[in-house]
Each structure stands twice: as C-alpha cells, then as structure tokens.
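**Student:** I am attaching a structure below and will ask some questions about it afterwards.
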Amino acid sequence: MTAKMEASEGKMPHNKLMTYGLVIAVVGTYLTYLNVLTGVAVFSFFGGIAAVAALWWGSDTIKHLCSYGLGTGVPSAGMIAFGSGAIAMIVGTKFGIASPIVTVILAAILGAVIGYTANNIINMNIPVMIMSLMELAVVGAMTMLGFAAMATGSFEFNQLIIGSMSLSVESAGVAAGGAQTFLVTAIPQYGNSLIGGAALAVIFFLGALALQHPFNACLGPNESQDRTLMLALSCGFLSMIVVAIISFVFIGLLAGTISLIISLIAWFYCYKTYIDLSKRDAYAWLDSKPIIEVGGDQ
Amino acid sequence: MSALGGKAAGGDGINMTGTIVGIVIILVSIGITAVLGASLIVPLIGIIIGGALIAFGVHFVPVGGAPAAMGQAPGIATGVAMLAAGAGLAGLFGGAWAYETTGDFLISIIGGAVGGGLMMAITCLMVNATYVFAMGIPAASGKIAKDPITGDTFPEYKSQGTEGHGLPFISFVGGVIGGLIAGLGGTIIYIELLDAYSTGLATIMQAEATAIQPLAISLAGIFAIGFFLVNAVLAAYNITGTIEGPHDPKFKRVPRAVIGCAVASAFCGLISLLLVTNIGM
C-alpha cells in the first residue's frame with residue numbers, strides 16, 4: 001500500500017488513546033451497575049460517558065483507517081463498525097454481570113474476522129485493516145451498550161427486553177373454605193422495552209452518525225487531532241442528549257433529568273471548545289453579519 | 001471515492017490463501033451451529049445466501065460518489081453504504097410487511113426484492129432528472145463506447161477530462177437489478193432470523209409466542225440492518241467506492257466479494273444465533 005496520506009501528526013499516540021477509551025468505556029458501563037447496588041437509577045448517565053469515550057477513541061481509529069485510500073468514504077467505516085458492533089452487543093448482553101467484558105471480546109473476534117475478510121479475501125491489503133476493524137467493532141458495540149445502559153439503567157438482556165409487567169388474574173377455582181381464589185401472575189410486556197420497541201435502532205444510528213462525522217468533517221491538510229477529537233466529544237454528547245430524552249421512558253423523571261443536564265452541559269462545553277479550536281486553526285475568521293439595509297429610496 | 005483521494009491497491013484476482021481460510025471459517029461456523037442446535041442450520045444457511053446476494057446486488061448499483069455529484073463520473077452521486085442501506089431497508093420493509101400479512105416465504109422475499117428494486121428505480125429516475133434538467137449534462141459512460149441495450153453511442157457526448165457523466169440506460173437497468181437482488185438478500189436474512197427468534201426465544205424464555213413477537217421482530221430487524229451494512233460495506237471495499245454498473249470492468253471482481261460476504265455473514269450469523277442458545281443465560 002503506497003497511498004498512505006498523512007492526516008495529522010497526532011499529539012497523543014493512538015495506543016494511549018485506545019487504552020483510555022477502552023478503559024473508560026468498560027468502567028463507565030460497569031458504573032451503571034451502581035443502579036442495581038443502590039436501588040436508584042441516577043447513575044445511568046455513566047453509560048453515556050462510556051459511550052462518548054468509545055466514540056472519542058473510534059474517531060481516532062477511523063482517522064488511521066481512512067488515511068489509507070479506502071475508496072468508499074469515511075461514513076462507510078462508521079456503518080461497518082455499528083453493523084458488526086450491534087450483533088456483538090445484543091448477544092453480549094446475555095452474559096449478565098460479565099456483559100461488558102464479553103461484549104468487548106465478542107466484538108473483537110467479529111471485527112477480526114471481518115477485517116481478515118476485507119484484507120485477505122477482498123484483497124484490500126491495508127496494513128492497519130484488521131486491527132482497525134477490530135477496534136471499530138468494539139467501539140460500535142461499547143457505544144451501543146453504553147447508550148443502552150444509559151437509557152434503561154442496566155446492561156443486562158432481561159432488562160433491555162422487558163418494558164413493564166402486567167398482572168394477569170385468573171380464577172383458580174373455589175378453595176376449600178368456599179372463598180373464590182385468584183391466581184395472579186406477572187406477565188412481562190416486551191413490546192414497550194428498549195429492544196422490543198426498537199429504540200435500539202435509534203441508538204444504532206445516533207452512534208453511527210456520531211462516529212462517522214468527526215473525521216469526515218475535519219479531514220484535510222490542516223487536520224489537527226485535538227480539534228477532531230473535540231468534535232467527536234461534541235457529537236457524542238449531542239447523541240447523548242437524545243438518549244437522555246429516550247431514557248425518560250425507562251428510568252423516570254429524576255434520573256432522566258440528571259442525564260439530560262449532564263449531557264447538555266458537556267455538549268455545550270465541547271461545542272464551544274471546538275469552535276475555539278476551529279478559530280485557532282483557521283487562517284482567518286470572519287463573522288458574517290446581516291446585510292445592512294441602506295435607507296432611502298433604494 | 002476516497003475522501004483523501006488515495007487509491008486502494010486491489011487488482012482483480014482472487015487471493016487463494018485467503019479464500020481457503022474463508023471457506024474453512026464458513027464450514028467451522030456451520031459446524032459450531034450444528035453442535036449448538038440442529039434447527040439453527042437452516043437459518044444460518046439462509047443468512048449466508050442472503051449475504052452473498054447482497055454482495056452480488058451491490059455490484060450492479062451505479063455508485064458515483066463525490067465525482068458524480070460534480071458531473072465528472074457517471075452514477076448516482078452518493079456512496080455505496082448509503083445507497084445499499086436505502087435499497088436494503090426499503091426491501092426489508094416491503095418484505096417484512098408482506099411476511100406479516102401473508103406469512104408466505106416466497107411472496108415475502110419477492111416483496112422484498114420489489115421494494116428494493118422500486119427504491120432504486122425511483123432514485124435512478126430522479127437522479128437522471130436532476131442531471132439532465134438541473135445540471136444540464138447528458139448521460140454518457142466513459143467505460144464503454146455504446147450502450148449494450150439501447151445502442152446509444154457515448155463518446156460524442158462525453159465531456160473532455162471526465163470519466164463520463166449522468167446515468168446511462170444500462171446503469172439504470174443495473175441499479176434496478178441491484179436493488180432487486182440486494183432487497184431479496186436482505187429479506188431472506190430478516191425472515192430466517194425472525195423464524196429462528198420467534199421459536200427460539202419463546203423456548204428459552206418460556207414465554208408465549210405471541211408475547212415474544214414484537215421482541216423477535218425488533219431483534220430480527222436490527223440484526224438484519226447490521227448484516228446488511230456489514231455486507232454492503234465489504235462489497236463497497238471490493239469495488240473501491242465507484243462502479244458504473246454491470247458493464248464496468250470492475251464487475252469482474254464480483255466473485256471475491258461474494259465469497260468474502262458469505263464468510264462474514266456466516267460468522268456474524270453464528271454470533272447472532274447464539275442469542276437463542278442457552279449460552280450465557
């Protein structure tokens with residue numbers, strides 16, 4: 001492969017960035033387990049933090065992969081990341097308390113097979129292909145798991161598929177004493193859950209858009225790592241705002257409001273910093289003004 | 001078209017080592033699935049066939065990318081991932097609706113194919129209307145001198161310095177065929193997953209089949225989208241972004257995409273079918 005284009009000399013090495021991203025994503029997802037330990041749902045926002053960390057890492061991976069000429073544009077990398085990540089994430093949630101770890105492992109294996117397919121069967125011959133698709137699959141899976149944990153307060157399959165319980169009352173006949181007895185059973189309702197209501201599909205595309213946008217928007221000769229990653233954080237928190245709104249349905253008003261406020265503040269800060277960094281990198285910055293109306297007959 | 005303008009080295013040949021390893025991966029996936037549950041083999045084979053059909057279909061779709069948007073290359077002016085996702089999802093909706101209404105496998109996959117083909121036909125028509133009436137460019141292919149179907153000649157209409165522009169009739173036909181095949185593949189994957197989940201989830205969760213139905217539909221839908229995007233992007237990598245349609249020389253690369261997507265689908269299918277086994281629960 002000869003057409004390697006240097007994007008930008010990153011200030012932070014990619015491996016260090018990957019370590020931070022992976023650790024924060026896994027730890028953040030696990031912190032939502034505080035919900036179960038304490039019995040309140042206010043710790044759900046940690047899932048969003050985990051997802052944003054994964055997106056932050058994924059944006060840098062996309063930069064590495066797409067600086068080789070793939071020919072398909074940057075967004076396709078985000079799509080394959082979430083296509084494979086979604087499969088790993090849904091199956092990974094079945095493993096109870098071990099779900100985040102299993103999700104990472106499953107996604108890495110899946111990404112490695114897809115990377116091998118792309119590199120050796122389809123003959124892409126790009127040195128970083130297998131590693132990048134592995135990383136991207138993990139990013140996609142952890143982003144979806146983080147956002148799902150944020151929306152429902154749990155990362156376990158049973159919590160993601162059961163929306164509410166309804167009571168079924170059946171007559172159990174007349175007991176010995178002559179009183180009518182009833183058999184009351186709780187029936188789980190699947191249709192109004194995160195997966196059953198297909199809110200997971202919304203999370204899928206919220207994550208995919210946040211992953212594919214930053215490098216696509218910032219690439220070019222003047223690309224700088226801190227600006228791209230700040231845009232990634234900004235996009236991640238923007239998606240987190242929408243997930244926070246979805247989470248009102250599942251985790252209630254208080255926890256949902258906390259998530260919403262945190263994501264709004266974080267998004268505002270990151271967006272403002274991103275604009276500042278853009279001004280720093282720009283040759284000149286001209287604020288456009290409304291057309292001045294000249295008085296008179298004109 | 002790459003954002004940074006580089007070209008991926010690929011060539012048209014088939015990598016023998018990679019292909020053999022790939023076939024081993026397919027066989028191992030089928031073997032593991034057979035051990036996990038004999039009833040899961042049919043869905044897995046359906047998924048593999050569906051993935052291969054998606055890869056085959058994507059090669060027919062005239063993808064122009066950014067150069068097409070500037071009138072410098074023929075095709076629809078967007079990337080493969082977007083086009084394939086559009087055609088695939090349109091097909092998926094058509095097929096899912098037909099399956100819910102009739103419950104018949106054959107009618108449903110034909111419904112899915114028609115949905116995908118219709119979406120591509122509308123896209124191609126409106127793209128050409130935009131090219132001709134808004135951008136003022138005639139349809140001309142740079143890869144061939146004469147349209148194989150209508151016999152129209154291209155060189156006298158092709159602008160200098162471009163690879164052609166607009167959407168010739170052969171590309172239009174290719175787009176519709178691609179939509180048909182890709183929609184067919186996507187719908188097969190969806191229906192096979194839906195069948196596996198409807199019966200499998202009801203068994204392992206000890207719930208009634210009717211109660212589990214919304215869950216099975218959502219899961220099958222999300223997984224089908226995932227499969228579709230993986231296969232479409234792999235096929236896009238194979239054509240390195242742009243293709244004019246079935247007459248393009250890049251079309252010769254189709255075998256390795258079919259093998260590659262079959263391998264990826266087999267392994268993704270194995271993982272997705274783990275959901276209805278006892279592993280982890």
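A short reminder: the numbers here are calculations on the coordinates, not readings from a lab. If you're wondering where the values come from, they're calculated on a predicted model, not measured in any experiment. When we count neighbours, we look across all protein chains shown, and the Cβ atoms used for this are built from the backbone with ideal geometry, even at glycine.
**Student:** Using modelled backbone amide H atoms (1.01 Å from N, in-plane), which distant-in-sequence or interchain residues come within less than 5 Å of A:Gln189's amide H?
**Tutor:** Amide H neighbours of A:Gln189: A:Gly163, A:Ser164, A:Met165, A:Ser166.
**Student:** For segment B:244-281 and segment A:26-56, what is the centre-to-centre distance using only Cα atoms, to the nearest Å?
**Tutor:** If you average the Cα positions of each part, the centres end up 34 Å apart.
**Student:** Work out the mean other chain Cβ neighbour count within 10 Å for the residues of A:191-197 and drop it here as an integer.
**Tutor:** Values: counts 7, 1, 3, 1, 5, 9, 3.
Average per residue, whole number: 4.
**Student:** OK, next. Quantify how strongly other chains surround peptide B:213-224 by giving the mean number of their Cβ atoms within 10 Å of each of its Cβ atoms. Please report the intermediate quantities before stating the final value.
**Tutor:** Details: counts 3, 11, 12, 2, 3, 12, 6, 0, 3, 11, 5, 0.
Per-residue shielding by partner chains comes out at 6.
**Student:** Something else now. Any idea what angle helix B:169-204 forms with the longest principal axis of chain B, computed on alpha-carbon atoms, 0 to 90 degrees, nearest 10?
**Tutor:** It is inclined by approximately 10 degrees.
**Student:** Which of the three applies to chain A, rounded, prolate or oblate, going by the alpha-carbon gyration tensor with a ≥ b ≥ c and a/c under 1.5 meaning rounded?
**Tutor:** Working: a/c = 2.64, a/b = 1.57, b/c = 1.68.
Cα axes put chain A in the oblate bin.
**Student:** Turning to a different aspect of this structure: How do the peptides B:36-42, A:288-294 rank, highest first, by the average count of neighbouring beta carbon atoms within 10 Å per residue?
**Tutor:** Highest mean packing first, the order is B:36-42, A:288-294.
**Student:** Take the alpha carbon atoms of the protein assembly as shown, find their radius of gyration, then divide it by 2.2 N^0.38 Å using N residues; give the quotient. Each step should come with its number before you reach the end.
**Tutor:** Working: Rg = 25.2 Å, N = 579, 2.2 N^0.38 = 24.7 Å.
Working it through for the protein assembly as shown, the quotient is 1.02.
**Student:** Between segment A:263-295 and segment A:100-125, how far is it from one alpha carbon centroid to the other, in angstrom?
**Tutor:** One Cα centre to the other: 40 Å.
**Student:** What whole-number distance in Å separates the alpha-carbon centres of segment B:42-93 and segment B:129-147?
**Tutor:** Centre-to-centre (Cα) distance: 21 Å.
**Student:** Additional query: What number, in percent, do you get for the relative contact order of chain B if the mean sequence gap of Cα pairs under 8 Å and at least 6 apart is divided by its residue count? Could the numbers behind the result be given before it?
**Tutor:** Values: 550 pairs, mean separation 90.8, N = 281.
Relative contact order, chain B: 32 percent.
**Student:** Over segment B:1-127, calculate the relative contact order: mean separation of alpha carbon pairs under 8 Å at least 6 apart, over the residue count, as a percent. Provide the component values of the computation, followed by the final result.
**Tutor:** Numbers: 101 pairs, mean separation 19.0, N = 127.
Here the relative contact order equals 15 percent.
**Student:** Now a separate question. Reachable lysines from A:Lys289, Cα under 23 Å, same-chain residues fewer than 8 places away excluded?
**Tutor:** Straight-line reach from A:Lys289, under 23 Å: A:Lys272, A:Lys279.
**Student:** Next question. Using alpha-carbon pairs under 8 Å, 6+ residues apart, how would you state the relative contact order of chain A in percent?
**Tutor:** 22 percent.
**Student:** Give, rounded to the nearest 20 debye, the magnitude of the charge dipole that the protein assembly as shown has about its Cα centre when Lys and Arg contribute +1 at Cβ and Asp and Glu contribute -1 at Cβ. The partial results should precede the final answer.
**Tutor:** Details: 18 positive and 25 negative charges, 174 e Å.
It comes to approximately 840 debye.
**Student:** If packing is taken as the average number of other Cβ atoms within 10 Å across a peptide's residues, how do B:216-226, B:120-130 rank, most packed first? Don't skip to the answer; put the middle values down first.
**Tutor:** Details: B:216-226: 24.1, B:120-130: 17.9.
Highest-to-lowest ranking by the protection proxy: B:216-226, B:120-130.
**Student:** Decide, for segment A:119-273, between rounded, prolate and oblate: order the square roots of the alpha carbon gyration tensor eigenvalues as a ≥ b ≥ c, take rounded if a/c falls under 1.5, and otherwise choose prolate if a/b is larger than b/c, else oblate. Show your work: numbers first, answer last.
**Tutor:** Numbers: a/c = 5.06, a/b = 2.12, b/c = 2.39.
Oblate is the answer for segment A:119-273, as a/c is 1.5 or above yet b/c matches or exceeds a/b.
**Student:** Could you please report the charge total around B:Ala235, scoring K, R as +1 and D, E as -1 over all other residues with beta-carbon less than 12 angstrom from its beta-carbon?
**Tutor:** Working: positive: B:Lys250, B:Arg253, B:Arg256; negative: none.
Summing Lys and Arg as +1 and Asp and Glu as -1 gives +3.
**Student:** Given chain B, what count of lysine pairs have C-alpha atoms under 17 Å apart, with each pair 8 or more places apart or on different chains? Don't skip to the answer; put the middle values down first.
**Tutor:** Details: B:Lys7/B:Lys250; B:Lys143/B:Lys158; B:Lys143/B:Lys250; B:Lys143/B:Lys252; B:Lys146/B:Lys158.
Eligible lysine pairs with Cα atoms under 17 Å apart amount to 5.
**Student:** Add -39500 (n - 2.57) for each DSSP H run of 4 or more in the protein assembly as shown, then divide by its residues: what number comes out at 222 nm, to the nearest 500 deg cm²/dmol? The partial results should precede the final answer.
**Tutor:** Values: 18 runs with 364 residues, N = 579.
-21500 deg cm²/dmol, from helical runs alone.
**Student:** Still on this structure: Let me confirm one metric for peptide B:264-271, namely the mean number of other chain beta-carbon atoms within 10 Å of its residues' beta-carbons.
**Tutor:** Numbers: counts 12, 1, 1, 9, 8, 1, 4, 11.
Per residue, the number of nearby Cβ atoms from other chains is 6 on average.
**Student:** Given just the C-alpha atoms of segment B:39-274, how large is their convex hull per residue in cubic angstrom? Mind dumping the intermediate values first?
**Tutor:** On the way: hull volume 25.9 nm³, N = 236.
Enclosed volume per residue, from the Cα hull, is 110 Å³.
**Student:** In sequence order, what are the phi-derived ³J(HN,Hα) couplings for segment A:278-290 according to the Karplus relation 6.51 cos²θ - 1.76 cosθ + 1.60 with θ = phi - 60°, rounded to whole Hz, with x for glycine and proline?
**Tutor:** Taking θ as phi minus 60°, the curve returns 5, 5, 4, 7, 6, 5, 8, 10, 10, 6, 6, 10, x Hz for segment A:278-290.
**Student:** Using the Karplus curve 6.51 cos²θ - 1.76 cosθ + 1.60 with θ = phi - 60°, what ³J(HN,Hα) values do you get for each residue of segment A:23-37, in whole Hz, with x for Gly and Pro?
**Tutor:** 5, 5, 5, 5, 5, x, 5, 5, 5, 5, 5, 4, 4, 5, 5
**Student:** Using the 10 angstrom Cβ neighbour count as an exposure proxy, how do A:Trp56, A:Trp285, A:Trp267 rank, fewest first?
**Tutor:** Values: A:Trp56 25, A:Trp285 10, A:Trp267 20.
Ascending number of Cβ neighbours within 10 Å: A:Trp285, A:Trp267, A:Trp56.
**Student:** At what distance in nm do the modelled label points of A:Ile101 and A:His64 sit from each other, each positioned 7 Å from its Cα along Cα→Cβ?
**Tutor:** Spacing of the two 7 Å Cα→Cβ label points: 2.4 nm.
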